[in-house]
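The values are calculated or read from the model by the stated rules, or taken from the named source; none is laboratory data. Because the structure is a prediction, the values reported are computed rather than measured. Cβ sites come from the backbone with ideal geometry, for glycine too, and all protein chains shown count toward neighbours. Ligands, DNA and RNA are stripped out before the accessible areas are found, and what is left, the full protein with its side chains, is counted by its heavy atoms. Shrake-Rupley method; radii C 1.70, N 1.55, O 1.52, S 1.80 Å.
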Amino acid sequence: SINDHLETLWRGEVCRLDTLKMINPLTIKVGKSHPAWETGMFSRQATKEAISKVRFLTDTMMNGQKENKMFNKSSECQCSHPLEDRFHLILDCPIYQNIREHCVSRMINLITKSHPEITESQIRERTNLGYLILDPSWFRWDIGSSGFSIPNKFSIEDANTLEGYGRKFCFQIYKRRTEIILSKECESESETEDEDSYSVHDTTDDTSVSDTSE
């Protein structure tokens, strides 16, 4: 009874909070990890990937939207889109197009092989793709939802494989985004150092000229 009460409370939170709306409430059970963790505990690398995946899933990854809200910084993405949120990063940003296409292609091959009645256009549909990347358990036959244009007929094994694809994809986005930001910060610091050096050099020259004139 206590477990049932806790699961009901947790599922209510998931349904109530907009940041958690991508999580399938039926995956929340006492004593059982969410598939994002469950399928990512078999190696150190997989655990690192799962951490990034869960940050996207729970909307706790730092992005432009959050930096704007918390630190009053620009919400602009590195691609110049005015709002960098989790959906822009995983679904739209051209910077990660190659990474995204690799992940989506693998998903399409897996899904259409098991379910030839599901088309590529259905998989690529924005809502479906977002849920497939972040929480494919929505489409499982045992705990899935009928609220999508893709039927909830996936086996647990296929859903777990899709979970792995999404996990790697989210980690690669996080890694690539971090590299871009660090690279820009290094460039900015380098430019500042060059400007300081130039400024000092100029002052020295001016002094030399002034001394010579005197």
*What pairs can you find where one residue is in segment 99-120 and of a type in the set (A, V, I, L, M), the other is in a loop (DSSP other than H, G, I, E, B) and surrounded by 15 or more Cβ atoms within 10 Å (Cβ to Cβ), and their Cβ atoms are less than 7 Å apart, with a gap of 6+ or different chains?*
Ile111/Ile118; Ile118/Ile150
*Counting only residues that are surrounded by fewer than 17 Cβ atoms within 10 Å (Cβ to Cβ) and either touching a Ser or Thr at 6+ places or on another chain (Cβ under 7 Å) or among the basic types (Lys, Arg) (or both), how many does segment 21-54 have?*
6
*Which one of these does Leu134 not meet: (1) open to solvent by less than 40 Å² (accessible area, probe 1.4 Å); (2) modelled with pLDDT under 60?*
(2)
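Ile180: out of contact with any strand residue (DSSP E or B) (no Cβ under 9 Å at 6 or more places or on another chain), closer than 30 Å to Thr119 by Cα and either modelled with pLDDT under 90 or part of a helix (DSSP H, G or I) (or both), yes or no?
no
Per-residue answers, yes or no, for (1) open to solvent by 70 Å² or more (accessible area, probe 1.4 Å); (2) touching a helix residue (DSSP H, G or I) at 6+ places or on another chain (Cβ under 6 Å); (3) at pLDDT below 70; (4) more than 24 Å from Ile28 (Cβ to Cβ):
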{"residue": "Asp142", "(1), (2), (3), (4)": "no, no, no, no"}
{"residue": "Ser145", "(1), (2), (3), (4)": "no, yes, no, no"}
{"residue": "Asn152", "(1), (2), (3), (4)": "no, yes, no, no"}
{"residue": "Phe171", "(1), (2), (3), (4)": "no, yes, no, no"}
{"residue": "Glu189", "(1), (2), (3), (4)": "yes, no, no, yes"}
*Out of the residues in segment 63-106 that are among the basic types (Lys, Arg) and more than 14 Å from Arg177 (Cα to Cα), which is least open to solvent (accessible area, probe 1.4 Å)?*
Lys66
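For segment 11-52: of the residues being among the small types (Gly, Ala, Ser) and free of Cβ contacts under 8 Å to residues at least 40 places away in the same chain, which is farthest from Trp138 (Cα to Cα)?
Let us first name the residues in segment 11-52 that are among the small types (Gly, Ala, Ser), namely 12, 31, 33, 36, 40, 43, 46, 50, 52.
Narrowing further to those that are free of Cβ contacts under 8 Å to residues at least 40 places away in the same chain: 12, 31, 33, 43.
On the way: Gly12: 17, Gly31: 20, Ser33: 16, Ser43: 25 Å.
Checked segment 11-52; the qualifying residue farthest from Trp138 (Cα to Cα) is Ser43.
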